[in-house]
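Here the structure is laid out as structure tokens; the discussion comes afterwards.
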Amino acid sequence: MEPIKGKFQQSLSFKGVTIVLLTLCLLVPSTMIQNLIEERQQRSHETIEKISDKWSQSQTLCAPLLIVPYTTTQLDTKNNPYKEEHVLYVTPKNLKITAALTPEERHYGIFKAILYKSNLHFSGNFGDLDKLKIEKSQLHFDKAYIAVGLTDLRGVTQNPSFTVGNKTLETTVGKGSLFSVEGKDERLTPTKTLIVELKNALLADSLAPSFNFDYNMKLNGSSSLNFIPIGQQTSVVIDGQWQSPSFIGSFSPESTIENGHFKATWNILSFNRDIPNTWSDDTPSLRNTSFGVNLIETVNHYQQNMRSAKYSLMFIILTFIVFFFVELFTSKPIHFFQYVLVGIALVLFYSLLLSFSEQVGFSWAYLVASAATISLITVYLYSLIHQKVATLILAGTMILLYSFLYIILQLEDFALLFGSIFLFVILGVIMFVSNKIKLNQTTANPETEA
């Protein structure tokens, strides 16, 4: 019974089944590697949030709005008059914004956050103010003020300079909120408001038909700078030094990116955005109309690590198939435990890649991790079979596989196409080689029988 059992264990079927079972078992550590990547990525996000909290969050601005309180006289059910207090919001007729960004990188250990300083200049005018009328209401122009909404007041580094006509007015912090932004927990968070009282720049009880304004602000933020096109005609120009700006939001700009410097221009008309020219009391939803620039990292190594880890099953299977063919062609048996060691080495490649990419970047980490893995498995195979040709075939196959994976990770639009073609070619090669094994066995049988 022992010789029969030994022949069965050395049969192709038994070896194939054990390799399949081992591959399935190695899916467990592969999944653990993916969980580790997600954990490190989450820690990176938390660290970036800590840095941003001490500096300032990403900024969204809605500026400026003219706000005029007014009193409406109403009649109750007994025809007795009573008064209601309201506010009227008036958007600028023309609004021009220029923003100069100076990005900075701040490190906390091995993690990095993208911050920026900005110089903002708002200019424009409010027009047709003499036509502001509300039925059965009295507008209190002597209480009118300008409101500027922004996400995080900690980013304001000096008292903003607001000029109406030839008068410079003081800016203070208001109590209300012009709009809300989506916070970390995906809940809407009210923004902060700066206000400029106009009583020192206007007549006691009236407004000029139009007046110009000029507003300068130094503002710090992190990751992104966004604007809401509150003007009836809004022009925004953002320029700064950054290799890979991402233009986000509801409107696309005309942009140029050269030698690490970018410039983006938006021109938005009143009928381009769903914002009324005037409204009373409740501010309409403004958060979905914002646009701006996001200073993203050129390469996110955590995303590339996760993408590479998803190919782990393919690498394990193809490497085991090569080992299996080498074992058959050379008649050098490879023990099940030795397959286990090779599988562990293949999985540890992704751990090496993750740890090195946090230190030296993804490209260099990939070179180091792949070279170490290929060298280890190649030397180990040679120590088992002592045949140079078979060892070189394995080394060439692994170099091809890891080179293919790196190319796929650099591609985005064509990754699926190239990946599908490559796998189809690999399957054809495996089918051809397996057929040769079958032919060798059938041609060898007559000689054995003779």
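Take S52 and tell me if it is small (G, A, S), modelled with pLDDT under 85 and open to solvent by 40 Å² or more (accessible area, probe 1.4 Å).
The answer is no for S52.
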Practice prompt. Answer yes if at least one residue in region 286-294 is touching a strand residue (DSSP E or B) at 6+ places or on another chain (Cβ under 8 Å), closer than 22 Å to K112 by Cα and of a type in the set (A, V, I, L, M), and no otherwise.
Written response: yes
Worksheet item: If a residue has to be hydrophobic (A, V, I, L, M, F, W, C) and farther than 14 Å from V322 by Cβ to count, how many in region 357-393 make the cut?
Response: 11
Practice prompt. Give S363, S357 a once-over and let me know the one that is in a helix (DSSP H, G or I), in contact with a His (Cβ under 8 Å, 6 or more places away or on another chain), farther than 25 Å from F432 by Cα and polar (S, T, N, Q).
Written response: S357
Worksheet item: Within region 119-232, which strands (runs of 3 or more DSSP E) (wholly inside it) include 3 or more residues that are modelled with pLDDT of 90 or more, under 20 Å from S58 (Cβ atoms) and in contact with a His (Cβ under 9 Å, 6 or more places away or on another chain)?
Response: none
Discussion item. Yes or no: region 388-396 includes at least one residue that is within 24 Å of G109 (Cα to Cα) and open to solvent by less than 20 Å² (accessible area, probe 1.4 Å).
Written reply: no
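Report yes if some residue within region 372-381 is in contact with a Ser or Thr (Cβ under 8 Å, 6 or more places away or on another chain) and within 30 Å of Q241 (Cα to Cα); otherwise report no. Please lay out each step first, then the result.
Step one: list which residues in region 372-381 are in contact with a Ser or Thr (Cβ under 8 Å, 6 or more places away or on another chain), which gives 377-378, 381.
Restricting the remaining residues to those that are within 30 Å of Q241 (Cα to Cα) gives none.
No - not one qualifying residue is present in region 372-381.
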Practice prompt. Being open to solvent by 20 Å² or more (accessible area, probe 1.4 Å), over 35 Å from the mean Cα position of the chain (by Cα) and of a type in the set (V, I, T) narrows it down to one of V68, V87, so name that one.
Written response: V87
Discussion item. Conditions first: (1) within 30 Å of H45 (Cα to Cα); (2) open to solvent by 20 Å² or more (accessible area, probe 1.4 Å); (3) not aromatic (F, W, Y). L353 passes all but one, so which condition is the exception?
Written reply: (2)
Item to complete: Could you check how many residues of region 85-118 are assigned to a strand (DSSP E or B) and at pLDDT 90 or above?
Response: 20
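Mind counting the residues in region 244-279 that are part of a strand (DSSP E or B) and open to solvent by less than 50 Å² (accessible area, probe 1.4 Å)? First the steps, then the outcome.
We begin by selecting, within region 244-279, every residue part of a strand (DSSP E or B); these are 245-249, 254-258, 261-269, 278-279.
Filter again for open to solvent by less than 50 Å² (accessible area, probe 1.4 Å), leaving 245-246, 262, 264-266, 268, 279.
Result for region 244-279: 8.
The values are calculated or read from the model by the stated rules, or taken from the named source; none is laboratory data. Given the structure is predicted, the values throughout are model-derived calculations rather than measurements. Using ideal geometry, Cβ is built from the backbone for each residue, glycine included, and neighbour counts are taken over all protein chains shown. These area figures cover heavy atoms from the full protein model, side chains too; ligands, DNA and RNA do not enter into them. Shrake-Rupley method; radii C 1.70, N 1.55, O 1.52, S 1.80 Å.
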